[in-house]
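The next block holds one structure in the form of structure tokens; read it before the comments.
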Amino acid sequence: MTGVGRVFGQERYSARFEWGPSGADAVAAGAAFVAVVDVLSFTTALSVAVENGVAVMPYPWRDGTEVAAAARYDAELAVGRSAAGPDEISLSPAAIRRVATGRRIERLVLPSPNGSAICARLSAAGSARPAGEAVTVLGVCLRNAAIAGEWVRARLAGRPVAVVAAGERWPDGSLRPAVEDLWGAGAFLAGFSDLSPEAESAVAAYRAVAGRVPAALAAAASGRELAALDHPGAAARSFAEDVAIAAEVDASTAVPVLQDGWFRRAEPTPPG
């Protein structure tokens, strides 16, 4: 990595924070753990899935290969959120919760243009690293930020941790920093020391709303956008329930960890 690259990689600090796919490339170098945050909705959906015993394959946004991938692994394929029927899984955390509690699902291929795509990118890059430089990717949201932070701190062994806020996309495809991902990153980073200025800013942003997360998330642009979506072909309904689930701060004890291409619930930290 060049000198300029090291600057953007925040290599002076033990806890780093950046945005989007390019940010992931920059701050993941040398990190032992990379936490990906996509509150609305990939990592929230992921937390709900793994706490219901579902293994999740993060998949880049739909390019036509996701159907074959799901068939190859005998996995369920998440359909588009607005197209999902009553017994179909989508990126909607509410749909995953409803369906997974009604029938057994072992594996799920979950495409997403932001968080899932970043996780798949990090997984591919990590497989090329030497064994001593392996990186562990985990999915973090407001529901599991505190327990995920504890889990990582128990295993850092002096190596850095990086946090990547997925963000959303403007209509032209460019990155739209999404405040809910900043909050999720800050909630996770709050227990770490030696934070980069970028990481410190995320923690400050979270602390500003920590006492009113449900209202703040519902009022944020992404929350209002999601709540306004209609379900075509049926009685109009919104996805406000997904926003409410995303605001369940520290409600989950599940830490989704990516191993061999699949997110599964991590083993708990031994006491002591």
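Things worth noting here:
- Among 74, 181, 242, sorting on how many other beta-carbon atoms sit within 10 Å of each Cβ, with the fewest leading, yields 74, 242, 181.
- Rounded if a/c under 1.5, otherwise prolate or oblate - the range 123-194, Cα gyration tensor axes: oblate
- The residue list 39, 149, 52 was ranked by how far each Cα lies along the charge dipole of the range 12-261 toward its positive end, using unit charges on Cβ atoms, and 149 comes out on top.
- Helix 42-51 vs. the chain, principal-axis angle (Cα, 0 to 90°, nearest 10): 80
- For residue 189, neighbours were defined as the other residues whose beta-carbon sits under 14 Å from its Cβ, and their charges (Lys and Arg +1, Asp and Glu -1) total -3.
- Calculated diffusion of the range 1-54, Stokes-Einstein form, Kirkwood radius summed over Cα pairs, 10 °C and 1.306 mPa s, µm²/s: 125
- For the range 12-261, the Kirkwood hydrodynamic radius comes to 18.0 Å, computed from all pairs of different C-alpha atoms.
- Pairwise centroid distance, computed over Cα atoms, of the range 49-116 with the range 144-188, Å: 22
- Furthest towards positive pole of dipole, 223, 99, 158, structure part the range 12-261, Cβ charges: 158
- Building the convex hull from the alpha-carbon atoms of the range 1-116 and averaging its projection over directions returns 8.4 nm².
- Considering only 56, 152, 67, the Gaussian network model of the chain with Cα springs below 10 Å gives its largest mean-square fluctuation to 67.
Readers should treat all values here as calculations from the given coordinates under stated rules, not as data from a laboratory. The shown structure was predicted, so the numbers you read here are calculated from the model rather than taken from an experiment. With ideal geometry, Cβ positions are generated from the backbone for all residues, glycine too; neighbour counts draw on all protein chains shown.
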